[in-house]
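Trainee: Below are the structure tokens for one structure; questions will follow.
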Amino acid sequence: MHTEILQIKNFIDGRFVEPITGRYLDNIEPATGKPYSQVADSDAHDVDLAVAAAERAFRDWSKKTAAERSNFLLRIAELIERDLEKFARAESIDTGKPISLARSLDIPRSIANFRFFATAILHTESEAHITDNVAFNYTLRQPRGIAGLISPWNLPLYLLSWKIAPAIAVGNTAIAKPSELTPMTAYMLCEMAREASLPNGVLNVVHCTGPKVGSAITAHPKINTISFTGGTATGRKVAEACAPLFKKVSLELGGKNPNIVFADADLDAAIAGSVRSSFANQGQVCLCGSRVFVERSAYKDFVERFIERTAQLCLGDPLDENTEQGAIVNRTQLEKVKFYVDLAQKEGGKIALGGSAPQAPNERCGEGYFFQPTVITGLSVSCRTNREEIFGPVVTITPFDSEEEVINYANDVEYGLSSTVWTQNLSRAHRVAERINTGTVWVNCWLVRDLRVPFGGMKQSGVGREGGEEALRFFTEPKNVCIAK
Ligand code: NAD
């Protein structure tokens, strides 16, 4: 029987529309290496259509009350929750991540994003200042217009909803571009927006590659706000495109995050937490701790037990309920992982676990992009493997002798996204957290999220902060009104 392959169309002005070129790109399932749908091969002309729709929609949407906008967002959250299982399955097929992870983390957090911003806008405060006896100042925070939202493939719905929800909650309209590698859940989100009767043009999604559609968004003079999450090299291009047009830009970029284990840590918790922070989503989370540092007196014990735990991770078909390690997102990323494992050996590292592609977990996955969780020891802190983002299931473990030394190790990279510290010494936890140059420091935990806190990176991990109040501010323009007394 011939089954027709799904074509993921653009969503513009409340309708699913063909790309103007009429062409589509294959969308490959990472677990099988085979196309399972197609995605619109759009270009700048499709972005123009989306801009026209977003501009029209802005007039009414920006005038709605916060409560009206809130209700639309709450309805979208409710609909995703209703279809949680469908979303989790789609995300697992699209990305190669274990379905249990999509079900327990990505999709619930996407729902939480809509709920959080839907309710946050009901509780904002206005600022007013009495200027001696002279004047009264108050600040209006107005929506900025059309927001361009560009996101990567590793947590597709979660990261896109993290941008869409605050952008439209405060009254902007949006043009979103998901990664061309993982467009499925964004497509499904548009179905939910339609079912929720979100007014036409408030949310538009244009699919295709970054150089074609991403750069058309960053270059478009009518899109004055850009929120980008992706790699540092791409972030640089986005910054270059936006600077001459004076766009307001937020950049959430790559990381090479330190995971520091002091000998006074609860070692059981540190090992369980480190296995998770090393290999969640096959190490393809920007916040994964890819550089593990262990205080020398605990090093041998930690390495042995860490390897033992990691070796037990169940690598398999992402759609299998027991799978803990799924597929790498595509062939290019798999080749990158292999390149760094080779490089690590040339740099003197020892592969203590993994280091190669495993046997296919089943027949369906015979040509999928799998790689074993890999642990490398014996590397110098300054080698390339320890400085460059790999973004795969590869960690290095290095011993250290003092707090001062490990703080230097942690900070001696170009990135500054997140870090994790394992210790039971409270003073040390505060001391070290203060001195590590990363946007987030987790102590005795990892990936715990509170949507109210500012999220973002230091150094080459990004510019600006997202989350909570920061996002509401980012997507609005403050205007001061000064009235003489
Ligand atoms: P990427 O930079 O290749 O792509 C990200 C997005 O940008 C995609 O939608 C892509 O199509 C688009 N794009 C590519 N070229 C563009 C251009 N010239 N102009 C505009 N858009 C363009 O990143 P990726 O490979 O999809 O994702 C992995 C990277 O994302 C890793 O570096 C990871 O650390 C980072 N990341 C960061 C965070 C964070 O919060 N800091 C979160 C997740 C992922």
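Read the figures in this text as sums done on the coordinates, not as results from a lab. Note that the structure is predicted; figures quoted are calculated from it, not measured. All Cβ positions, glycine included, derive from the backbone under ideal geometry; neighbour counts span all protein chains shown.
Trainee: Would you check which residues across the range 146-172 are among the hydroxyl-bearing types (Ser, Thr, Tyr) and either over 22 Å from GLU78 (Cβ atoms) or near the ligand (Cβ under 10 Å from one of its atoms) (or both) and list them? Break it down into steps so the answer makes sense when it comes.
Mentor: Of the range 146-172, the ones among the hydroxyl-bearing types (Ser, Thr, Tyr) are 151, 158, 161.
Those that are among the hydroxyl-bearing types (Ser, Thr, Tyr) and either over 22 Å from GLU78 (Cβ atoms) or near the ligand (Cβ under 10 Å from one of its atoms) (or both): SER151, TYR158.
Trainee: Which condition does CYS242 not pass, out of (1) within 12 Å of the ligand (Cβ to nearest atom); (2) closer than 26 Å to LYS336 by Cβ, if it passes all the others?
Mentor: It is condition (2) that CYS242 fails.
Trainee: Let me ask something else. Which residues, taken from the range 385-434, are without any contact (Cβ under 8 Å) to a residue 24 or more places away in the chain and more than 16 Å from ARG291 (Cα to Cα)? If you could, list the steps in order and put the result at the bottom.
Mentor: Step one: list which residues in the range 385-434 are without any contact (Cβ under 8 Å) to a residue 24 or more places away in the chain, which gives 402, 404-405, 408, 426-427, 429-430, 433-434.
Across the range 385-434, the qualifying residues are SER402, GLU404, LEU426, SER427, ALA429, HIS430, ALA433, GLU434.
Trainee: Which residues, taken from the range 191-217, are in contact (Cβ under 8 Å) with a residue 12 or more places away in the chain and surrounded by fewer than 23 Cβ atoms within 10 Å (Cβ to Cβ)?
Mentor: If the condition is that a residue be in contact (Cβ under 8 Å) with a residue 12 or more places away in the chain and surrounded by fewer than 23 Cβ atoms within 10 Å (Cβ to Cβ), then MET192, ARG194, GLU195, ALA196, SER197, LEU198, PRO199, ASN200, THR209, GLY210, LYS212, SER215 are the ones that fit.
Trainee: Among the residues of the range 105-134, count how many are exposed (fewer than 12 other Cβ atoms within 10 Å of the Cβ) and among the β-branched types (Val, Ile, Thr).
Mentor: Residues meeting the conditions: 2.
Trainee: If the requirement is being in contact with a Ser or Thr (Cβ under 7 Å, 6 or more places away or on another chain) and farther than 30 Å from HIS220 by Cα, which of these qualifies: ILE107, ILE93, ILE80?
Mentor: On inspection, the qualifying residue turns out to be ILE80.
Trainee: Looking at the range 53-62, can you tell me whether even one residue there is assigned to a helix (DSSP H, G or I), within 30 Å of TYR369 (Cα to Cα), in contact (Cβ under 8 Å) with a residue 40 or more places away in the chain and aromatic (Phe, Trp, Tyr)?
Mentor: no
Trainee: Same structure, new question: Hey, SER274 hits all of (1) part of a loop (DSSP other than H, G, I, E, B); (2) surrounded by 19 or more Cβ atoms within 10 Å (Cβ to Cβ); (3) of a type outside the set (A, V, I, L, M, F, W, C) but one; which does it fall short on?
Mentor: In the conditions (1) part of a loop (DSSP other than H, G, I, E, B); (2) surrounded by 19 or more Cβ atoms within 10 Å (Cβ to Cβ); (3) of a type outside the set (A, V, I, L, M, F, W, C), SER274 misses (1) alone.
Trainee: While we're on this one: Does ALA102 satisfy the condition of being more than 14 Å from the ligand (Cβ to nearest atom), touching a Ser or Thr at 6+ places or on another chain (Cβ under 7 Å) and over 22 Å from SER250 (Cα atoms)?
Mentor: yes
Trainee: Follow-up question, since we're still on this one. Return yes or no: is PRO108 within 16 Å of the ligand (Cβ to nearest atom) and under 17 Å from the mean Cα position of the chain (by Cα)?
Mentor: When the stated conditions are applied, PRO108 does not pass them.
Trainee: Here's another thing I want to ask about it. Looking only at residues that are within 19 Å of the chain's Cα centre (by Cα) and of a type in the set (Lys, Arg) in the range 211-239, which one is nearest to the ligand (Cβ to nearest atom)?
Mentor: Looking at the filtered set, the residue picked out is LYS237.
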